[in-house]
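S.K.: Have a look at this one.
The values are calculated or read from the model by the stated rules, or taken from the named source; none is laboratory data. This is a predicted model, so every value here is computed, not measured. Positions of Cβ are backbone-derived with ideal geometry, glycine not excepted, and every protein chain shown enters the neighbour counts.
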Amino acid sequence: MGSQGRGGDPLKDIRSTRGKELEGKRVVLCVTGSVASIEIPSLARELMRHGAEVNVAMSDSAEKLVRPEALEWATGNPVVRKLTGKTEHVRLAGNWNGKADLVLVAPCTANTISKMSLGIDDTPVTTLASMALGGGIPLLVCPAAHEPMYRNPAVLANIQRLNERGVEFVGPRFEEGKAKMATVGEIVEASIRRLAKKDLEGRRIIITGGPTAEFIDPVRVITNFSSGKMGVALAKEAWVRGAEVSYIFGGKLAPPEYIRSRVVVTTEEMRDAVLDELGKGKCDAFIMAAAPADFAPEARAKAKIRTRDGALSLKLKPSPKIIDEVRKDWPEVYLVAFKAETAPTRDELTRAAKNFRKESGADMVVANDVSGGKAFGADTNSVLVVHDGGSKSTGELSKREIASVVLDEVSKSLRRPTPRKA
């Protein structure tokens with residue numbers, strides 16, 4: 001890119017390096033006088049890494065904790081410290097084509113929450129919040145306060161009043177007697193969700209991810225190299241698009257706390273969890289991105305097997321086929337199956353994916369070649385998507401981008417006037 005970075009601005013050369021979810025979006029980041037404001041340069045940079053153009057406005061109290069120069073560096077844009085004859089609030093949130101797509105107040109003190117609720121505009125932050133509320137700009141608020149202050153009935157009543165006006169709150173986290181600001185990751189995901197298309201709103205989607213393990217004895221297992229990154233990417237993307245998500249996973253990679261999840265160990269536990277979730281009510285789509293162990297020892301030793309006893313022979317039995325049970329008992333659910341194959345050519349992979357789709361009854365198969373351990377644990381992948389409309393290769397993409405491709409097709413299929421044939 002050269003020394004000038006992307007777009008000729010070295011302060012903005014990080015834009016879209018982690019995703020394009022916020023490309024073309026302007027976020028006005030409003031900072032108030034909480035000690036959590038020291039995290040805001042990192043938040044601004046992370047929003048930019050997902051494509052956003054970020055402008056900062058701050059109160060006098062915030063300046064005592066974080067310097068405007070730090071936030072100017074973080075965003076590459078001048079910081080609004082007071083309102084002048086340049087009508088900064090109108091330029092950022094007025095009714096014109098260049099206005100903000102999102103006003104994000106982080107951290108937001110109890111004092112500022114109450115002022116926003118009562119329509120008091122005495123700082124750049126409260127004035128921009130007022131502009132957002134009056135102009136239909138999404139307003140996202142991230143509270144931070146001592147817990148007793150946050151739980152003040154007057155503050156809670158003001159939060160409720162803002163909720164009723166369409167304001168969304170992210171956090172807080174209650175720790176150490178404090179109502180702490182949500183993490184940077186949670187705020188970024190909430191921002192993406194608020195601005196994303198809501199083509200899965202009102203839909204319930206169950207997703208599996210990660211590996212399962214089958215016990216040989218209490219300390220040894222049969223498992224595989226699945227990391228669970230694809231499952232987490234799918235769960236996050238479905239949540240961003242407005243779906244009600246239930247995520248069932250094996251392994252150590254847990255999803256963010258805002259996604260409802262259950263952790264399992266064995267394939268049988270995963271099967272039972274999936275069937276339990278399906279039995280709780282209407283499910284629109286089931287995405288089997290997990291890599292359950294296909295075989296388990298016929299007998300599990302009750303005590304650790306001694307290696308000094310010599311060679312060990314294991315007799316294996318097939319593990320439950322979760323996809324088969326889902327298709328049999330819930331034929332109306334749109335079923336997406338992931339298939340890892342050792343198929344080094346496109347023709348071989350296509351043939352394997354189509355055969356698997358026919359055998360499993362899946363509506364869509366997402367296949368990839370894992371020859372030599374490719375894709376396991378990686379942040380990117382290249383997949384082949386096979387469904388009624390044909391097949392297509394994605395090329396090398398991030399797993400979040402692959403999740404978007406998959407959910408685009410799920411969304412289109414769920415919107416079709418003629419439902420799939422059971």
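S.K.: Just for region 337-364: of the residues that are of a type in the set (Asp, Glu) and within 22 Å of LEU407 (Cα to Cα), which one is surrounded by the fewest Cβ atoms within 10 Å (Cβ to Cβ)?
M.R.: GLU341
S.K.: Kindly establish whether VAL245 is surrounded by fewer than 22 Cβ atoms within 10 Å (Cβ to Cβ) and modelled with pLDDT of 95 or more. Full working, then the answer.
M.R.: Working: surrounded by fewer than 22 Cβ atoms within 10 Å (Cβ to Cβ): no; modelled with pLDDT of 95 or more: yes.
Against the criterion (surrounded by fewer than 22 Cβ atoms within 10 Å (Cβ to Cβ) and modelled with pLDDT of 95 or more), VAL245 does not qualify.
S.K.: Exactly one of (1) part of a loop (DSSP other than H, G, I, E, B); (2) over 17 Å from LEU140 (Cβ atoms); (3) out of contact with any Gly (no Cβ under 6 Å at 6 or more places or on another chain) is unmet by ILE38. Its number?
M.R.: (1)
S.K.: Another question, then. Report whether or not ALA233 is among the small types (Gly, Ala, Ser), within 17 Å of the chain's Cα centre (by Cα), farther than 18 Å from ARG193 by Cα and at pLDDT 95 or above.
M.R.: Considered against the rule, which asks whether it is among the small types (Gly, Ala, Ser), within 17 Å of the chain's Cα centre (by Cα), farther than 18 Å from ARG193 by Cα and at pLDDT 95 or above, ALA233 comes out as no.
S.K.: Oh, and also: Find all pairs meeting these conditions: Cβ atoms under 6 angstrom apart; at least six residues apart or on different chains; first residue within region 18-31 and outside any loop (DSSP other than H, G, I, E, B); second residue among the acidic types (Asp, Glu).
M.R.: ARG26/GLU53; ARG26/ASP101
S.K.: Let me ask something else about it. Taking the condition of being of a type in the set (Gly, Ala, Ser) and surrounded by 18 or more Cβ atoms within 10 Å (Cβ to Cβ), how many residues in region 308-336 meet it? Walk me through how you get there before you give the answer.
M.R.: From region 308-336, those of a type in the set (Gly, Ala, Ser) are 310-311, 313, 319; that's our starting set.
Okay, now just the ones that are also surrounded by 18 or more Cβ atoms within 10 Å (Cβ to Cβ), so 319.
Going through region 308-336 one residue at a time, the tally reaches 1.
S.K.: Shifting gears a bit: In region 274-304, which residues are over 18 Å from the mean Cα position of the chain (by Cα) and either aromatic (Phe, Trp, Tyr) or closer than 25 Å to GLU186 by Cβ (or both)? Please lay out each step first, then the result.
M.R.: First pass over region 274-304, keeping only residues over 18 Å from the mean Cα position of the chain (by Cα): 274-284, 291-304.
Within region 274-304, GLU277, PHE295 qualify.
S.K.: In region 311-422, which strands (runs of 3 or more DSSP E) lie fully inside it and hold 1 or more residues that are among the small types (Gly, Ala, Ser) and either at pLDDT below 95 or outside the structural domain of GLU23 (by TED's automatic domain parsing) (or both)? Please lay out each step first, then the result.
M.R.: Numbers: elements: 316-318, 334-341, 364-369, 384-387, 390-393.
Hits in region 311-422: 334-341, 364-369, 390-393.
S.K.: Still on this structure, I have one more. (1) of a type outside the set (A, V, I, L, M); (2) outside any helix (DSSP H, G or I); (3) free of Cβ contacts under 8 Å to residues at least 12 places away in the same chain: which one isn't true of ASP272, the others all being true?
M.R.: Going through (1) of a type outside the set (A, V, I, L, M); (2) outside any helix (DSSP H, G or I); (3) free of Cβ contacts under 8 Å to residues at least 12 places away in the same chain one by one, ASP272 breaks only (2).
S.K.: Among residues belonging to region 287-304 that are touching a Lys or Arg at 6+ places or on another chain (Cβ under 9 Å) and crowded, with 19+ Cβ neighbours inside 10 Å, point out the one that is farthest from GLY361 (Cα to Cα).
M.R.: ALA296
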